[in-house]
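Rule-based calculations on the coordinates, nothing more; no lab input. As the structure is a computational prediction, the values presented were derived from the model and not from experiment. Neighbour counts are summed over all protein chains in view; Cβ atoms, including those assigned to glycine, are modelled from backbone coordinates with ideal geometry.
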Amino acid sequence: MSKESKLKERYLALFGAEPDLMAKSPGRINLIGEHTDYNEGFVLPTAIDKAIYVALATREDDKIVLYAEDFSEYFESSIHTVSPSDKGWPNYILGVVHQLQELGLAPKGFNLYVDGDVPLGAGLSSSAAVECATGFALNELFQFKLSRQEIAKIGQMAEHTFAGVKCGIMDQFASVLSKEDFVIKLDCRSLEYEHVPLLLGDYELVLLNTNVKHSLASSAYNDRRNSCEQGVAWLREEYPEVLSLRDATVDMLESVVKPKSEDIFTKCKYVVEENIRVELACEALKSGNIEEMGRQMFEAHQAISKDYEVSCAELDFLVDYMKEQPEVVGARMMGGGFGGCTINIVKKGHAERIAKQVAPAYKDAFGLALEPIFVAASGGSTLLN
Ligand code: GLA
């Protein structure tokens, strides 16, 4: 049975009628450019062939009735009293409804069924995918006429307000605006972007899922963001033209931030240098120099682990291992950090074997299974028939 028929059937069984529409929004990977988005820098993400699916329909009353397949659970709220729930999962949907209301758009009552195949907690932005699937689908259902960029921003704000993570725009942007077989080079300040063909020649992408998500993840994320903001505040005393780390240089940081805090200096320097790496990696990709792109990825990992300090032992172990493999040209941790996946560029036909080879050592070291995940660069949010 097709995904569409399955969705329709489940919706019918749960809500007693057919949905008005169905949509999907994918998870994402990011080749390079980590923790740069909230510093108005550059990123190189794309959507993957794993997505969150929603089926929905309007209701006659003012209720929102949700059902999440992953949790086998309903959730109900009045459209007039949308607020964060202790349950967790409804927040990614309710947060979007709340943002729409903030914009003066008033969704009426609706039922929404959500399912998906983006692995949860693997750093593939399943939460952004839920937000974007919801925003995209509600926009269609109620004909709000929002642009894709606006839908991405609504998702990001939902994450800030209802999930408590002050994330950047990368995940939502990739989920909504990606194009099959391309990555997006996104300027997170202007939101100008370019679709760059993901032509890897003899290489392919593989993710290694550490199967951990350390509890530090969201508090450390907000801490790093604060460090960057503090760095900018200090810089602005000397250089008022600096609006974000996007405008800073390592020299500026050396002279202004370093004397005040070695730690904040190191964090800010990482961001400035990571933006340069995105530029270099993207040029390398465009000119088919995959080895050079991979080299930038290895460097990025070293820096995010040692300087920005959002890696963890499991991620470092896997990247170190990959570095020793002649068929691997690049590897690094991906996403917010403290778990999730590494992203690797591996000579075609070798990834499965290498993943099998490292699994026992990984298990010995951490007591955890290791899974390779193969992904294809896919298109952003779409309606389903
Ligand atoms: C998470 C956030 C993104 C981005 C990355 C790190 O995925 O949601 O906005 O900051 O971490 O690059």
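Computed from label points 7 Å out along Cα-Cβ, the spacing between Glu254 and Glu273 is 1.3 nm.
Could you compute Rg(Cα) / (2.2 N^0.38 Å) for the chain, with N its residue count?
Working: Rg = 21.0 Å, N = 385, 2.2 N^0.38 = 21.1 Å.
Rounded to two decimals, the normalised Rg is 1.00.
Of all DSSP beta bridges confined to segment 1-130, the antiparallel ones make up roughly 80%. Residue-wise HN-Hα couplings along segment 118-128, as the Karplus relation 6.51 cos²θ - 1.76 cosθ + 1.60 with θ = phi - 60° gives them from phi, are 7, x, 6, x, 9, x, 9, 6, 4, 5, 4 Hz; Gly and Pro carry x. Each part gets one Cα centre, and for segment 324-375 versus segment 116-160 those centres are 29 Å apart. Under 5 Å from the amide H of Glu371 lie the amide H atoms of Asn209, each residue being 5 or more positions distant or on a separate chain, with H modelled from the backbone and absent for Pro and chain starts.
Across segment 287-293, computed HN-Hα scalar couplings (Karplus, 6.51 cos²θ - 1.76 cosθ + 1.60, θ = phi - 60°) run 9, x, 8, 5, 4, 5, 4 Hz from first to last residue, x flagging Gly and Pro. Near the amide H of Leu384, within less than 5 Å, lie the amide hydrogens of Met22, Ala23, Lys24, all on another chain or at least 5 residues away, with H placed in the peptide plane.
Taking a ≥ b ≥ c as the square roots of the Cα gyration tensor eigenvalues, with a/c under 1.5 meaning rounded and otherwise prolate when a/b beats b/c, else oblate, which class fits segment 135-179? Because a/c hits 1.5 or more and a/b fails to exceed b/c, segment 135-179 counts as oblate. Rounded, prolate or oblate: which fits segment 281-366 when a ≥ b ≥ c are the square roots of the eigenvalues of the alpha-carbon gyration tensor, with rounded for a/c under 1.5 and prolate only if a/b beats b/c? Judged from the Cα gyration tensor, segment 281-366 comes out oblate (a/c at least 1.5, b/c at or above a/b). Inter-label distance, Asp20 to Ala233: 4.6 nm, where each label sits 7 Å from its Cα along the C-beta direction. Quick one: helix 148-158 against the long Cα principal axis of the chain, what's the angle to the nearest 10°, folded into 0 to 90? Approximately 90 degrees, to the nearest 10. Taking amide H as placed 1.01 Å from N in the peptide plane, Cys167 has its amide H under 5 Å from the amide H of His160, each at least 5 places away in sequence or on another chain. Taking only the C-alpha atoms of segment 85-151, the Rg (one decimal) and the largest Cα-Cα distance, Dmax (whole number), read 12.2, 35 Å. 3J(HN,Hα) couplings calculated from phi for segment 234-239 with the Karplus curve 6.51 cos²θ - 1.76 cosθ + 1.60 (θ = phi - 60°) are, in sequence order, 5, 4, 5, 5, 9, 10 Hz; Gly and Pro show x.
Just to be sure I understand: of the beta bridges DSSP finds with both ends in the chain, what percent are antiparallel, rounded to 5?
So the antiparallel bridges amount to about 90 percent of the total.
Magnitude of the charge dipole for the chain, about its Cα centre and with charges confined to Cβ atoms of Lys, Arg (+1) and Asp, Glu (-1), is about 420 debye.
By definition, a body whose alpha carbon gyration tensor gives a ≥ b ≥ c is oblate when a/c is 1.5 or more and a/b is not larger than b/c, and segment 203-374 fits this oblate description. Farthest towards the positive end of the charge dipole of the chain, among the residues Gln99, Gly337, Ser311, is the Cα of Gln99, using unit charges on the Cβ of Lys, Arg, Asp and Glu.
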